[in-house]
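Scroll down for the structure; my scribbles are underneath it.
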Amino acid sequence: MAGGLKNIKILFVATHRPNRAPSQRFRFEQFIGFFIEKNLNCSYSYLVTSFDDKTFYSKGKRVFKFLLLIKYFFKRLLDFIRVFKYDLVFIQREAYFVGPALFERLFKISGVKIIYDFDDSIWINNVSDGNRNFIWMKSYKKISKIISISNMIFAGNKYLADYAIQYNSSIKIVPTTIDTDKYQRNPTVLNPDGKICIGWSGSITTIKHFEYAVNFLEKIKMKYGDKVIFKAIGDGSYVNESLNIKGIPWIEKDEINELSAIDIGIMPLPDDEWAKGKCGLKGLQYMALEIPTVMSPVGVNTEIIRDGVNGFLAKDENEWVEKLSLLIESAALRKKLGDNGRKTVEKHYSFEAWKDKYIEYFNEVLNYT
């Protein structure tokens, strides 16, 4: 199948440097080594360097941010100049932060084939707290335009695909996937005195979703006292005194060890249009590590979880308390759901299950099938 792709040149276009952004790490970066093994020539163009990162996502510093936008503009202009030597451009989310779909249009004019990949409801107005003042420069309407001019769309779930089908008929539902060879739980990571750790993993921008859990976690603490502890990974500045939580910053090399200390993983979400576009990554990470998982029944979560079989779904505060209590009180249930969760990821949401599909879709978009 991959024979037609030999020596094909692919340019991956994304916002962040490698290993920085979850959507990039789990949707295309982890596949690049496999693509190279299949004799594809892969290049990666990103905008935000490690030096830029803290400034670009902090509050204020408008002049410096404006200068960064100028730098990024010329970086993408160089990408357009060199795009003629590529056969395929893989764009993750958007080529440039602000304004219309300028660079996507330029790539289209060049004649290169375009695969557009997105895993959130990014046509909805949403911006980090540090860049609220730049919201007027964002053009959310450009997402439909990018979809319409692309040759193929990778949508992270059916909800996103239903949006994309309005503008393009070549839609592939490609879930966010986990490298299950890498995601192996570290059995040496133990909690003190056999306490049960209920944990959440996310980022600075998604810590607001953890806040949906605070009320029912406080009830769990009242019910079980010192038998349970709580953990929030992803925002080192987060503090919740009632749950005795000091947030843990996300560090790639520590990620699996930090997750391994969690006995029950949670993914609470609001039932809104943005959340419906989420691709269940947090839950899939827990499940891949055999951590029993409880998720809000929003969007793709209802496809990932078979309630009571490979995890739990909890729609309201009472259900959260009920199902967390079941898991706290039964090690056998935790093991059962954890084992079945891992099997679900291996079969449907793993690197191994999807790597050849990427090659198949590349062949298709390049008319090599």
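The values are calculated or read from the model by the stated rules, or taken from the named source; none is laboratory data. The structure presented is a predicted model; accordingly, all values stated were derived computationally and were not measured. As a convention, Cβ positions derive from the backbone with ideal geometry for all residues, glycine included, and neighbour counts pool all protein chains shown.
Quick check on my filter: what residues within segment 309-324 are at negative phi and not in a helix (DSSP H, G or I)?
The first filter runs over segment 309-324 and keeps only residues at negative phi, leaving 309-310, 312-324.
V309, N310, F312, L313, A314, K315, D316 - these are the residues of segment 309-324 that are at negative phi and not in a helix (DSSP H, G or I).
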Legend entry - Of residues in segment 138-191 being farther than 17 Å from Q24 by Cβ and basic (K, R), the one surrounded by the fewest Cβ atoms within 10 Å (Cβ to Cβ): K141
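Considering only residues that are of a type in the set (K, R) and free of Cβ contacts under 8 Å to residues at least 40 places away in the same chain, which ones fall in segment 337-369? I'd like the intermediate steps shown before the answer.
We begin by selecting, within segment 337-369, every residue of a type in the set (K, R); these are 342-343, 347, 355, 357.
K343, K347, listed by residue number.
From the list L327, L333, exactly one residue is in a helix (DSSP H, G or I), modelled with pLDDT of 95 or more, surrounded by 17 or more Cβ atoms within 10 Å (Cβ to Cβ) and not assigned by TED's automatic domain parsing to the domain that holds A155. Which is it?
On the way: L333 fails: surrounded by 17 or more Cβ atoms within 10 Å (Cβ to Cβ).
Just a single option satisfies the conditions, and that option is L327.
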Legend entry - Criterion (among the basic types (K, R) and either farther than 21 Å from S148 by Cα or over 23 Å from the mean Cα position of the chain (by Cα) (or both)) met by exactly one of R93, R25: R25
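Condition test on K195, is it more than 30 Å from Y116 (Cα to Cα), in contact (Cβ under 8 Å) with a residue 60 or more places away in the chain and not polar (S, T, N, Q)? Let's see the steps before the verdict.
Details: more than 30 Å from Y116 (Cα to Cα): yes; in contact (Cβ under 8 Å) with a residue 60 or more places away in the chain: no; not polar (S, T, N, Q): yes.
In short, no.
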Inset, instruction - Of all residues in segment 281-308, count the ones that are closer than 18 Å to A261 by Cα, part of a loop (DSSP other than H, G, I, E, B) and in contact (Cβ under 8 Å) with a residue 60 or more places away in the chain. - result: 3
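A quick yes/no check of all residues on (1) at pLDDT 95 or above; (2) assigned by TED's automatic domain parsing to the domain that holds D356; (3) assigned to a loop (DSSP other than H, G, I, E, B):
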| site | (1), (2), (3) |
| --- | --- |
| L106 | yes, yes, no |
| I109 | yes, yes, no |
| F134 | no, yes, no |
| S139 | no, yes, yes |
| S144 | yes, yes, no |
| L160 | yes, yes, no |
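Would you say F84 is farther than 27 Å from C279 by Cα, among the aromatic types (F, W, Y), touching a strand residue (DSSP E or B) at 6+ places or on another chain (Cβ under 9 Å) and not in a loop (DSSP other than H, G, I, E, B)? Break it down stepwise before answering.
Working: farther than 27 Å from C279 by Cα: yes; among the aromatic types (F, W, Y): yes; touching a strand residue (DSSP E or B) at 6+ places or on another chain (Cβ under 9 Å): no; not in a loop (DSSP other than H, G, I, E, B): yes.
Taking the combined requirement at face value, the residue does not satisfy it.
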Inset, instruction - Taking F73 as the residue in question, decide whether it is assigned by TED's automatic domain parsing to the domain that holds D120 and without any contact (Cβ under 8 Å) to a residue 24 or more places away in the chain. - result: yes
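For segment 1-30, give me each residue that is touching a Cys at 6+ places or on another chain (Cβ under 9 Å), part of a helix (DSSP H, G or I) and modelled with pLDDT of 95 or more.
Step one: of segment 1-30, the residues touching a Cys at 6+ places or on another chain (Cβ under 9 Å) are 9-12, 23, 26-27.
Pick out the ones that are also part of a helix (DSSP H, G or I) and you get 23, 26-27.
Answer for segment 1-30, where residues must be touching a Cys at 6+ places or on another chain (Cβ under 9 Å), part of a helix (DSSP H, G or I) and modelled with pLDDT of 95 or more: F26, R27.
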Legend entry - Residue list for segment 39-50, filter: more than 18 Å from R17 (Cβ to Cβ) and surrounded by fewer than 20 Cβ atoms within 10 Å (Cβ to Cβ): N39, N41
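Among the residues of segment 265-293, what is the count of those that are among the β-branched types (V, I, T) and either under 18 Å from the mean Cα position of the chain (by Cα) or surrounded by fewer than 24 Cβ atoms within 10 Å (Cβ to Cβ) (or both)? Lay out the reasoning, then the answer.
Taking segment 265-293 first, the residues among the β-branched types (V, I, T) are 266, 291, 293.
Narrowing further to those that are either under 18 Å from the mean Cα position of the chain (by Cα) or surrounded by fewer than 24 Cβ atoms within 10 Å (Cβ to Cβ) (or both): 266, 293.
Result for segment 265-293: 2.
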